[in-house]
Amino acid sequence: MNEFTQKTAYSELAKKYYPEALESLVNFIKINSVNDESTVSDDKPFGQGVRDALDYVGNLAIKLGFNVDWCDHYCTEISYGEGELIDIYAHADVVPVSKDWIHEPFGAQIEGDNMYGRGTSDDKGPAIAALYALKLLKDEGKLEGFKVRMVVGGNEELGSRCLEHYFNVMHKPYPKYGFTPDGDFPLIYAEKAICTYTHTFEIPGLANPFEWGDALNIVLADASITLDDISTEKLEQARYIYLENYPQANIKIEGHTVTFKGKASHGSLPWFGSNAGLHLLNYIARLRHIPELRSLFHLYHHGDGKRFGGDYKSDNFTDSSYCIGKIKYDGEKLTFYVNMRLPETINPQDACDNVAEKMGGEVKLLSSSEALVIDPKSDMVRVLMDAYQKETHDYTSKPLAIGGGTYAKESKNTLAFGSAFPGRDNRIHDNEEYISLDDFYNSIAIYAHGIVNLAKLVKKA
Ligand SMILES: [Zn+2]
């Protein structure tokens, strides 16, 4: 019992299923299902670990009385009933683990109300909660008059090739309504368009070739360079002046090597980070007297586009974001790799044209996903909010619009519904990821209630 637990018909029913759900979750967590190139084969498109996890959840579903389609081992489709489709999308793959874990990352250790382990919150816990919600409803005779599919993917963390296979190769139909338990409660009705572009400038003689950063969707936090042609005294002097202007900068000089340490932040929230690459370029620009490079620092560093008129807004979103995750220099050309997130009202190419017009240089749009907006006044949002509120009595949390992208974008008529409760940080993608077992229990009741509410909509239509 926690602040979100209420005594309701569904939470009472969930009690009976909780012990078995918990045991299933422990077994699921114990499968190391990081995508593994080294064991990929035709029947293991994402490697052995993901295959084991997809098999586990499918065999569990068969045991619970559901139909299973193994989907060429890209996903496991669990289904029941006939009629209009209601879908649930969860994933069985997890991100790699670092050495910083205190608890065993694949141990599913329970301490107090928390279970620790990779995937406990993202996304195995929510997947198991949704599966037992279905089992509960099936036993109660409430999965009648429609068809429910729960699709558990194996590649969400590396680009969702799982659902791409499901819809584009297997040509499975899209649902009438769908949700993914791979985001936040109460629900996420809008997600920005996520785009990447390169921004290139000709700047010969800047330095020896370099490449900083690797992930595009994280603020570049580490950058260093060796400037052999500049005396160590000059480098030190420039450091001193730099710190006068930017007292927060973390800059270190060893011989002719200059290193900046910034602060990483998610690509949707670059303003919470500090870009080490932009700082280092700004530092070099002062030494080499390259004013255009200095102005680039000022234009890009906040990450909100305000200084170059790229801060688009819409009814659903209050901002846009520009995150530089990678910077490359080949001796002639300097290239920024930018992760840009936009409201639904602005065309990504137009946003790129604006960048080129205001800052100069050459801008090339590499990829873009469309924004997702489900009318916050729609029946779907209304009935899912109703399920959440009746089960938790949380009437203050509002539907969310976010900059991040969820699994919902891979389907249609689909939004993220849980499973992180308001105010929680479950350390997903980080060491010591965990789930509150009370949250896990509560979400079984919320999902059961949510599916029944959606079913009423499809049966009415
Ligand atoms: Zn996830």
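The values are calculated or read from the model by the stated rules, or taken from the named source; none is laboratory data. What you see is a predicted model; the values in this text were computed from it and never measured. Using ideal geometry, Cβ is built from the backbone for each residue, glycine included, and neighbour counts are taken over all protein chains shown. SASA here: full protein model, heavy atoms, side chains in, ligands and nucleic acids out. Shrake-Rupley method; radii C 1.70, N 1.55, O 1.52, S 1.80 Å.
Filter the range 60-76 for residues that are within 25 Å of the chain's Cα centre (by Cα) and either polar (S, T, N, Q) or crowded, with 22+ Cβ neighbours inside 10 Å (or both) and give the result.
71, 74, 75, 76 - these are the residues of the range 60-76 that are within 25 Å of the chain's Cα centre (by Cα) and either polar (S, T, N, Q) or crowded, with 22+ Cβ neighbours inside 10 Å (or both).
For the condition over 30 Å from residue 206 (Cβ atoms) and of a type in the set (Lys, Arg), what is the one hit in 313, 326?
313
Would you mind stating whether residue 303 is small (Gly, Ala, Ser), open to solvent by less than 10 Å² (accessible area, probe 1.4 Å) and either under 30 Å from residue 459 (Cβ atoms) or away from the ligand (no atom under 16 Å from the Cβ) (or both)?
Yes.
One residue is enough: does the range 164-180 have a residue meeting the conditions under 16 Å from the mean Cα position of the chain (by Cα) and either over 16 Å from residue 85 (Cα atoms) or among the β-branched types (Val, Ile, Thr) (or both)?
yes
Is there a residue in the range 431-442 that is over 26 Å from residue 132 (Cβ atoms), surrounded by fewer than 16 Cβ atoms within 10 Å (Cβ to Cβ) and modelled with pLDDT under 95?
The answer is yes; a qualifying residue exists.
Do we find a residue being under 29 Å from residue 165 (Cα atoms), within 16 Å of the ligand (Cβ to nearest atom), open to solvent by 10 Å² or more (accessible area, probe 1.4 Å) and touching a Lys or Arg at 6+ places or on another chain (Cβ under 9 Å) anywhere in the range 419-427?
Within the range 419-427 (the criterion being under 29 Å from residue 165 (Cα atoms), within 16 Å of the ligand (Cβ to nearest atom), open to solvent by 10 Å² or more (accessible area, probe 1.4 Å) and touching a Lys or Arg at 6+ places or on another chain (Cβ under 9 Å)), the answer is no, since none of the residues qualifies.
Considering only the range 419-439, state which residues are within 16 Å of the chain's Cα centre (by Cα) and either within 16 Å of residue 89 (Cβ to Cβ) or not in a loop (DSSP other than H, G, I, E, B) (or both).
Residues satisfying the conditions are 419, 420.
Select the strands (runs of 3 or more DSSP E) contained entirely in the range 74-157, then report the ones holding at least 2 residues which are within 15 Å of the ligand (Cβ to nearest atom).
85-91, 147-153
Just to be sure I understand, how many residues within the range 16-49 are surrounded by 21 or more Cβ atoms within 10 Å (Cβ to Cβ), out of contact with any helix residue (DSSP H, G or I) (no Cβ under 7 Å at 6 or more places or on another chain) and either of a type in the set (Asp, Glu) or not in a helix (DSSP H, G or I) (or both)?
1
Residue 175 passes all but one of (1) more than 16 Å from residue 91 (Cα to Cα); (2) out of contact with any helix residue (DSSP H, G or I) (no Cβ under 6 Å at 6 or more places or on another chain); (3) open to solvent by 20 Å² or more (accessible area, probe 1.4 Å); which number fails?
That leaves (3) as the condition not met.
Filter the range 380-418 for residues that are within 14 Å of the ligand (Cβ to nearest atom) and either outside any strand (DSSP E or B) or without any contact (Cβ under 8 Å) to a residue 40 or more places away in the chain (or both) and give the result.
Those that are within 14 Å of the ligand (Cβ to nearest atom) and either outside any strand (DSSP E or B) or without any contact (Cβ under 8 Å) to a residue 40 or more places away in the chain (or both): 404, 405, 406, 407, 408, 409, 410, 417, 418.
Restricting to the range 79-102, name every residue that is modelled with pLDDT of 95 or more and of a type in the set (A, V, I, L, M, F, W, C).
Residues satisfying the conditions are 85, 86, 88, 90, 92, 94, 101, 102.
So which residues in the range 311-368 are open to solvent by 70 Å² or more (accessible area, probe 1.4 Å), polar (S, T, N, Q) and in a loop (DSSP other than H, G, I, E, B), if there are any at all?
318, 345, 347
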